[in-house]
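Accompanying notes for the structure given below.
The values are calculated or read from the model by the stated rules, or taken from the named source; none is laboratory data. The structure displayed is predicted, hence computed values, not measured ones. Positions of Cβ are backbone-derived with ideal geometry, glycine not excepted, and every protein chain shown enters the neighbour counts.
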Amino acid sequence: MKTSAALSGIFVPNIVPYDDHGKINEEELRRIIRWLGEKGVTGYYPNGSMGEFIRLSYEERKRVLKIVVEEAGGRPILAGAAEPNVDLVLEMCKYCADLGCRAVSITGPYYYKLTQESIETYFRELAAKSPIDIVIYNIPAFANEITVPVLKRLALDCPRIIGTKDTSRDMPRFQTVLHEIKSQRPEFSVLIGWEELLCPTLFMGGDGGTLSSAGVAPEIIMKLYNEARAGNWDEAKRIQYRLLDIFSLMVNAPNFPEGFRAGYELRGFKPGRARFPLSDRELATVDTMRSRLACILADEGFSEAASSCRRPAIPAGEIRPADVEAIVRSVLTRLQA
């Protein structure tokens with residue numbers, strides 16, 4: 001059994017920007033990765049749900065990964081390697097290993113519903129043949145769920161499986177994994193993939209996360225993570241609630257990850273049109289969300305978003321508590337800058 005330190009920190013699942021012809025905008029992707037590095041993120045998570053890997057060709061996924069590696073500046077990379085069959089997964093694992101990635105993240109098999117026995121056999125075969133460490137990614141909204149008993153057996157039997165990422169939004173499950181697996185294998189990494197639970201999972205002993213909002217507001221995510229690691233829980237909790245406002249707007253926008261792509265645009269990037277169409281009504285909904293998000297980001301001190309903020313007119317003499325809070329938050333942010 002391995003005894004090295006757990007994989008920890010904040011790994012950013014970046015978007016993939018497109019040019020006017022729908023091709024990968026490589027220069028803009030490089031700019032995003034460099035910017036995130038400057039903001040102090042731990043590492044990167046290319047070819048995940050946020051990167052819409054399922055809408056890219058196999059060769060495009062490899063190209064995205066190579067670009068991220070070239071711009072990572074030595075930061076560790078946890079690369080998405082969810083492919084439709086064992087042979088392709090292992091081929092991608094080898095590619096990631098050759099590029100020097102720290103580990104790969106692999107979901108449960110998707111599309112077909114499989115038994116837990118089959119899923120366990122699947123991961124055991126990958127663990128036996130992979131040239132790179134594996135993080136098992138539980139995301140039941142998009143792929144077969146991996147139950148805790150199966151995950152526990154894999155974690156305790158397979159040294160190549162070094163951790164799990166959980167995006168089930170199930171805090172009792174997360175705690176059970178910590179209690180039943182990490183207590184027996186302390187170096188087993190337990191990461192969260194849901195922003196609403198970042199502070200609670202760190203408090204309970206989680207190792208960090210792969211969080212989509214970190215691509216839009218890396219400053220906030222990293223401050224929460226660092227405050228939690230320092231034991232400053234009052235401050236971490238305060239930041240967690242600030243994060244909820246940003247995350248809830250983006251994650252609830254139509255056609256995930258459109259809300260996050262709008263967030264990148266507000267931070268000064270050019271995401272381009274996604275590879276899936278939105279209806280006119282959905283476009284209007286995203287536009288309204290974008291304006292609300294711009295106001296929140298501007299209040300957090302991200303001035304580049306201010307020009308897109310359209311606040312509703314307030315009748316003369318009427319001041320709402322939310323407006324007072326926004327003004328106070330903006331003033332405090334400027335004083336702390």
- Task: Considering only segment 199-218, state which residues are farther than 19 Å from Lys237 by Cβ and assigned to a helix (DSSP H, G or I).
- Result: Ser212, Gly215, Pro218
- Item | Subset of segment 204-259 [among the polar types (S, T, N, Q) and touching a strand residue (DSSP E or B) at 6+ places or on another chain (Cβ under 6 Å)] | Thr210
- Note on the structure: Filter segment 11-25 for residues that are crowded, with 16+ Cβ neighbours inside 10 Å and outside any strand (DSSP E or B); the one that is farthest from the chain's Cα centre (by Cα) is Asn25
- Message: Residues that are touching a residue at least 40 places away in the same chain (Cβ under 8 Å), of a type in the set (D, E, K, R) and either not in a helix (DSSP H, G or I) or not assigned by TED's automatic domain parsing to the domain that holds Leu151 (or both): does segment 72-95 have at least one?
- Response: no
- segment 31-46 - residue that is among the charged types (D, E, K, R) and under 18 Å from Pro76 (Cβ atoms) and, of those, surrounded by the most Cβ atoms within 10 Å (Cβ to Cβ): Lys39
- Could you please give the count of residues in segment 217-238 that are without any contact (Cβ under 8 Å) to a residue 60 or more places away in the chain, hydrophobic (A, V, I, L, M, F, W, C) and under 23 Å from Ile32 (Cβ atoms)? 1
- From Phe256, Phe269, Phe260, grab the single residue that is under 14 Å from Leu297 (Cβ atoms) and not in a helix (DSSP H, G or I). Phe269
- Going by the conditions given, is Ser213 assigned by TED's automatic domain parsing to the domain that holds Asp20 and either surrounded by fewer than 16 Cβ atoms within 10 Å (Cβ to Cβ) or of a type in the set (S, T, N, Q) (or both)? yes
- Query: Does segment 54-82 hold any residues that are modelled with pLDDT under 95 and surrounded by 21 or more Cβ atoms within 10 Å (Cβ to Cβ), and which are they?
  - Reply: Ala82
- Looking only at segment 128-147, which residues are crowded, with 18+ Cβ neighbours inside 10 Å and touching a Lys or Arg at 6+ places or on another chain (Cβ under 9 Å)? Ser130, Ile132, Asp133, Ile134, Val135, Ile136, Tyr137, Asn138, Ile139, Asn144
- Looking at Ser8, Ser49, Ser105, which one is among the hydroxyl-bearing types (Ser, Thr, Tyr), closer than 19 Å to Thr164 by Cβ and surrounded by fewer than 23 Cβ atoms within 10 Å (Cβ to Cβ)? Ser8
- Message: Let me spell it out: the conditions are (1) without any contact (Cβ under 8 Å) to a residue 24 or more places away in the chain; (2) closer than 19 Å to Ala141 by Cα, and Gly48 meets all of them except one. Which number is the exception?
- Response: (1)
